[in-house]
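Quick note: the coordinates plus some simple rules give every number you see, no bench work behind them. What you see is a predicted model, and the numbers here were worked out from it, not measured in a lab. Cβ: placed from backbone, ideal geometry, glycine included. Neighbour counts: every protein chain shown.
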Amino acid sequence: MKAVYTAAHLAHDVTYETYLGQPLPANEISERAELIRQSLQGDGGFSFVAPTDHGEAPITAVHDPGLVRFLESAWADARREQLDVPYLVADTYPTIKLYEGMSPDFAAAQPAPEAVAGALGWWGLDTSNPIVEGTYGAARAAVDVALTTVDLVLGGEQAAYGLCRPPGHHAARSMAGGYCFFNNVAIAAEAIARSTGERVAVLDVDYHHGNGTQQIFWRRGDVFYASIHADPMRQYPFFLGHGHERGEGDGQGENLNLPQPAGLTNDGYLAALDRVLEAIAERPGSVIVVSLGFDTYGRDPIGDFALTTPVYHEVGRRVAATGRRLVILQEGGYYRPALGDNAVAWLRGAESRPLA
Ligand code: Q9C
Ligand code: ZN
């Protein structure tokens, strides 16, 4: 299988994230992508491809241009404001409750704050998302990884893997969060829909609900979003990911959430997967974009599922058995000792290559 990778992700070099107001060692660190790359190299069954520059247009096809400009200038603006902190994270958020009862257009008419501390909240979802000097460049490169993976599949590969870092599925149209800045998978799905005119399915198997992807395609009939994730009643992103969220307008019925309990086993996971794959099979289209997370692993430090390495091979195998072409893009997964094995297992499954 072809695997798209670039060392540009290393520039998003974070040390701490904030959790409940406390600085803690960051989970989403560059070592993650390096461990996956090393395991794919060691496997021998993957050939590496560098991403090509796809410009900004595919990003603003799904994101507010203001988010792009904010991420591009946040670090320099903070320095100009003499905001002398090791990483940028918001303190104040414009929550939806603030606007309750006011006119529906009120929020939309509010200006983005000039001060970085305010802009961080305006363009942000949560405090777990540190921005450093190299964040923008790395996030742009992750988008190029995703779009180059799309090119490979639309160019004839049955499946290809994009080692995206930073990940993307929590990033919404105007909002970065959850270790994500640009929504790599949504940008890829949009590019596929535009270039093929076909309907596209997004299959999100990260442990967390992909609130950003869901939001971007909420009213869209041409992109089906399906996700298996921890119930948002107990887990981030908390406010979206419930089973009753089915899409609206043209997107009515084109959003499928299967929230899951703590302790979810391999068998429980595969049962949910079969439901989602059935829903995909009921819809037209020839390409699935996979949001691939390994935070479903039993030892993941921020997850609570109980999956083991062999199930990833079976998940990859069942997804490939749909017969659809696969654009497989990396999202989360934070138990570093098993990341490489889990990635190799999933991707070998997706090529119907047995586990060694
Ligand atoms: N104590 C992805 O997996 N909250 N993002 C972390 C840790 C944010 C996860 C709390 C989790 C974001 C792509
Ligand atoms: Zn996740």
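For the reader, a short list of remarks on this structure follows.
- Rounded to 5, the percent of DSSP beta bridges in the chain classed as antiparallel: 15
- Net charge contributed by nearby residues that have their C-beta within less than 9 Å of Thr127 (K/R +1, D/E -1): -3
- Square roots of 5 times each gyration tensor eigenvalue, C-alpha, segment 160-207, largest first, Å: 20, 13, 10
- Contact order normalised by residue count of segment 55-162, Cα under 8 Å, 6+ apart, percent: 29
- Distance between segment 33-64 and segment 210-282 - C-alpha centres, whole angstrom: 25
- Sorted from greatest to least, the principal axis extents spanned by the alpha carbons of the chain come out as 55, 43, 40 Å.
- Distance between modelled label sites at Ala57 and Asp267, nm, 7 Å Cα→Cβ extension: 5.2
- Spherically averaged projected area of segment 127-166 from its Cα convex hull (nm²): 3.2
- FRET efficiency, 1/(1 + (r/R0)^6) with R0 35 Å, evaluated for Phe48 and Gln252 via beta carbons: 0.25
- Antiparallel DSSP beta bridges within segment 1-146, percent to nearest 5: 60
- About the Cα centre, charge dipole magnitude for segment 181-294 (Lys/Arg +1, Asp/Glu -1 at Cβ), debye: 160
- The residues packed around Ala176, meaning those with a beta-carbon under 14 Å from its beta-carbon, carry a net charge of -2 if Lys and Arg are +1 and Asp and Glu are -1.
- Top of Asp126, Asp53, Asp295 by mean-square fluctuation, Gaussian network on the chain, Cα under 10 Å: Asp53
- Segment 219-288 - Rg (one decimal) and Dmax (whole number), Cα, Å: 12.8, 36
- Here the spin labels are modelled as points 7 Å beyond Cα on the Cα-Cβ line, and at Arg353 and Glu31 they lie 2.7 nm apart.
- Computed helical MRE - 222 nm, the chain, DSSP H runs ≥ 4 contributing -39500 (n - 2.57), nearest 500: -11000 deg cm²/dmol
- For segment 64-115, alpha-carbon Rg over 2.2 N^0.38 Å: 1.39
- Principal axis box of segment 1-128, alpha-carbon based, largest edge first, Å: 59, 35, 30
- Between 0 and 90°, nearest 10: helix 65-80 axis offset from the chain longest Cα axis: 60
- Neighbours of Asp206 by Cβ distance under 9 Å: Lys/Arg scored +1, Asp/Glu scored -1, total -3.
- The convex hull of the Cα atoms of segment 168-269, projected and averaged over all directions, covers 6.5 nm².
- Size of electric dipole in segment 72-148: Cβ of Lys, Arg +1 and of Asp, Glu -1, about Cα centre, debye, nearest 20: 80
- For the chain: relative contact order, % (alpha-carbon pairs under 8 angstrom, 6 or more apart): 18
- Look at Phe305, Phe106 and count the other Cβ atoms within 10 Å of each Cβ; fewest to most, that gives Phe106, Phe305.
- Each of Tyr225, Pro237, Gly247 was scored by the projection of its Cα onto the charge dipole of segment 214-286, and the greatest displacement toward the positive side belongs to Pro237; charges sit on the C-beta of Lys, Arg, Asp and Glu.
- Segment Arg299..Val85, full-extension length gain: 73.8 nm, with 0.36 nm per residue of separation and the alpha-carbon distance subtracted.
- Likely footprinting exposure, Glu254, Glu17, Glu31, fewest C-beta neighbours within 10 Å first: Glu31, Glu17, Glu254
- In terms of surrounding Cβ atoms within a 10 Å radius of their Cβ, Ser103, Ser174 rank from fewest to most as Ser103, Ser174.
- Candidates Ile187, Ile36, Ile328, ranked by Gaussian network fluctuation over the chain, Cα under 10 Å, top entry: Ile36
- For segment 55-163: Kirkwood Rh in Å [reciprocal of mean 1/r, alpha carbons]: 16.1
- What you get for the chain, charging only the Cβ of Lys and Arg (+1) and of Asp and Glu (-1), is a dipole of about 680 debye around the Cα centre.
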